[in-house]
Amino acid sequence: MSLFKLISFDEYVARHLKANKDVNERDFRKRLRETVAAKNSGCLCGCGNPIWAVGSAVAGHMCFSCITGESDPSGDFEIDETLERSRHEDKSGHER
Ligand SMILES: [Zn+2]
């Protein structure tokens, strides 16, 4: 299910700040932290898919498809802490 390129929280923040000079680091960290937590607690997009933490930090709580209009997330980043593992944990009881 996860075709995203996984990246650590800090690494993504560094990349994002490099590409977006006008972004306030503390503010962005706070928002990304919040969307990562929201995703991990099972927050869904209006369409029923899990939200995309990276995009949601900028665009609001939505999934990749609703934010970008594309269905294929390969090549885009997602924070490695947000692996879509909650469903696996339910079944197997161990983290990937
Ligand atoms: Zn959606």
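Things to note:
- Every pair of residues 6+ apart whose Cβ atoms lie under 6 Å, when the first sits in region 25-46 and is in contact (Cβ under 8 Å) with a residue 40 or more places away in the chain while the second is surrounded by 11 or more Cβ atoms within 10 Å (Cβ to Cβ) and among the acidic types (Asp, Glu): Val36/Glu81
- Near pairs, Cβ below 9 angstrom, 6+ apart or cross-chain, from region 50-76 (without any contact (Cβ under 8 Å) to a residue 60 or more places away in the chain) to any residue that is of a type in the set (Gly, Ala, Ser) and near the ligand (Cβ under 9 Å from one of its atoms): Trp52/Ser65; His61/Gly46; Met62/Gly46; Cys63/Gly46; Cys63/Gly48; Cys66/Gly46; Ser71/Ser65
- Residues that are closer than 21 Å to Phe28 by Cβ and polar (S, T, N, Q) were ranked within region 41-77; the one that is nearest to the chain's Cα centre (by Cα) is Ser56.
- Exactly one residue among Ser71, Ser65 is assigned to a helix (DSSP H, G or I) and within 11 Å of the ligand (Cβ to nearest atom), and that residue is Ser65.
- Selected residue (criterion: surrounded by the most Cβ atoms within 10 Å (Cβ to Cβ)) from residues of region 1-24 that are without any contact (Cβ under 8 Å) to a residue 60 or more places away in the chain and not in a helix (DSSP H, G or I): Val23
- Some residue of region 34-48 being within 13 Å of the ligand (Cβ to nearest atom), of a type in the set (Gly, Ala, Ser) and exposed (fewer than 14 other Cβ atoms within 10 Å of the Cβ): yes
A short reminder: the numbers here are calculations on the coordinates, not readings from a lab. Being a predicted model, the structure only gives us computed values, none of them experimental. We place every Cβ from the backbone using ideal geometry, glycine too, and count neighbours over all the protein chains shown.
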